[in-house]
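First up is the structure itself, then whatever we jot down about it.
The values are calculated or read from the model by the stated rules, or taken from the named source; none is laboratory data. Worth saying up front: this structure is predicted, and the values here are computed from it rather than measured. Cβ: placed from backbone, ideal geometry, glycine included. Neighbour counts: every protein chain shown. Protein only, heavy atoms only, side chains kept; ligands, DNA and RNA dropped before computing areas. Shrake-Rupley method; radii C 1.70, N 1.55, O 1.52, S 1.80 Å.
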Amino acid sequence: MKTVLHALSYGNIEVDSSRKLADLKQLDATRIFLKKLDARVYNGDHEVPVRLYFPTEEAMEAGIAEGTTFPVLLFFHGGGWVTESVENYDRVCSRMAQATAHIVVSVEYRLAPEHKFPIPLEDCYAAAKALYTNQLILHTDPEKITIIGDSAGGNLTAAVCLMARDRGEFTPRRQILIYPAVGNCYTEESPYRSVHENGSDYLLTAVKMEDYLNLYQRTKEDRKNPYFSPLQEKDLKDLPETLILTAEYDPLRDEGEVYGRKLEVAGNRVEVHRIRGAFHGFFALGIKFLHVQESFRFINGFLNDSYLRNNVLSSSETE
């Protein structure tokens, strides 16, 4: 197993080949065909595509035709800000809708290096603002919306929540960060043990992470920006209730857990869970994988506890 992992943990990022490899996921014969709908929001003059996934046909009717404010997960996909797409995450989002009984809204933000920081973040923020201010085809209640993302999408989730707090245009109540990339250094100078222990032979490497950051940033100064690296934020007060899931064999493990501790010290309600035996990227595997099932137990527990604590959903919605 170690030999196979080492062989797969190849060096630097080559954008075109990495995107072609990611696009192979579109050929997945096991993709689920649930009720889904393509829509769009706008970041200035740019049209940002979004795809809506419905857990059932009844949820689709309730969320659109009947005007019911169904609970929603606003999802930002991973891929180092450089690869992946809504299409590639089709199965992940379909499974997420099923497993959580939520409508999932997946955002097709623009990718680096063609569109560097903060353009992908601003696309995600525009989608969040549209959802929270009821500008989509869905009828939404801000109290029933949770922002969620994996890896680079976890970075974007954390940054959107920081930006929303700072701009004051809407107020996210919950965020879920799945092995988030919230740091800004993956060289030998990194302060995190997981970068040094897991940064070479576990699929996602420290070298790749440095490449991703270089492709995403406009200048080196961006790495000091909290919207680029949320761990740089000194004031973490007044942020949403947060669930953070990390993977044991992941270079990003420690920074995600440190971010959780800093959020908690700042007075926020936080849960952090490490998925034992897991590698970075496990969340994109099928629902039959134990690590994915464990993740959804944590996610559903977090959502249900938050809703009950804040009296958000009716008893019929939480059953």
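Amide H contacts of Arg274 (H built 1.01 Å from N, in plane; Pro and chain starts excluded): Thr246 sit under 5 Å, all sequence-distant by 5 or more or on other chains.
Put a plus charge on the Cβ of each Lys and Arg, a minus charge on the Cβ of each Asp and Glu, and nothing anywhere else: the dipole of the chain about its Cα centre is then about 340 debye. Just checking the listed ones, Asp250, Asp222, Asp123: in the Gaussian network model of the chain with Cα springs under 10 Å, the one fluctuating most is Asp222.
Measure nothing fancy, just the Cα-based angle from helix 90-100's long axis to the longest principal axis of the chain, in degrees from 0 to 90, nearest 10. On a 0 to 90 degree scale, this one is about 60. Percent of C-alpha pairs per 10 Å bin in the chain, short distances first: 6, 29, 38, 22, 5, 0. Among the protein heavy atoms, those of Ile137 account for about 80 Å² of accessible surface (1.4 Å probe, every chain in place). Comparing Pro180, Pro191, Pro172 in a Gaussian network model of the chain where C-alpha atoms under 10 Å apart are linked, the largest mean-square fluctuation is found at Pro191. Over region 36-120, one equal point on each Cα, no solvent: what is log10 I(q)/I(0) by the Debye formula at q = 0.12, 0.19 Å⁻¹? Values returned for q = 0.12, 0.19 Å⁻¹ are -0.38, -0.84. Relative to the dominant Cα principal axis of the chain, helix 253-265 is inclined by about 50°.
In region 155-248, one over the average inverse separation of all distinct C-alpha pairs is 14.4 Å, which is the Kirkwood hydrodynamic radius. Cross-link pairs exceeding 27 Å in C-alpha to C-alpha distance, out of Lys129/Lys237; Lys36/Lys237; Lys208/Lys237; Lys144/Lys220; Lys129/Lys224; Lys116/Lys144, comprise Lys36/Lys237; Lys208/Lys237; Lys144/Lys220; Lys116/Lys144.
Of the trypsin sites (Lys or Arg not before Pro) found in region 222-317, those that fall in a DSSP loop while having at most 16 other beta-carbon atoms within 10 Å are Lys234, Lys237, Arg269, Lys288. Above 14 Å lies some portion of the pair distances; for region 74-120, what is it as a whole percent of all C-alpha pairs? Every Cα pair in region 74-120 considered, those over 14 Å come to 50 percent.
Taking the longest Cα principal axis of the chain as reference, the axis of helix 206-216 is set at about 60 degrees. DSSP finds beta bridges in the chain, and of those with both partners inside it, around 30 percent are antiparallel.
Can you tell which of Tyr186, Gln175, Leu215 lies farthest toward the positive end of the dipole of region 106-238, using +1 and -1 charges on the Cβ of basic and acidic side chains (Lys, Arg; Asp, Glu)? Among Tyr186, Gln175, Leu215, the one farthest towards the positive end of the dipole of region 106-238 is Gln175. Can you give the translational diffusion coefficient of region 250-292 in µm²/s, computed by Stokes-Einstein from the Kirkwood radius over Cα pairs at 10 °C and 1.306 mPa s? My calculation gives 135 µm²/s for D.
Can you classify region 174-300 as rounded, prolate or oblate using the Cα gyration tensor, where a ≥ b ≥ c are the square roots of its eigenvalues, rounded means a/c under 1.5, and otherwise it's prolate if a/b beats b/c and oblate if not? It is oblate, given that a/c is not under 1.5 and a/b is not larger than b/c.
Accessible surface calculations at 1.4 Å, restricted to protein heavy atoms, place the chain at 43 Å² per residue.
Regarding region 225-286, what whole-number volume in Å³ per residue does the convex hull of its Cα atoms give?
In region 225-286, the Cα convex hull volume per residue is 97 Å³.
The alpha-carbon atoms of region 58-216, seen along their principal axes, cover 55, 33, 28 angstrom, with the largest extent given first.
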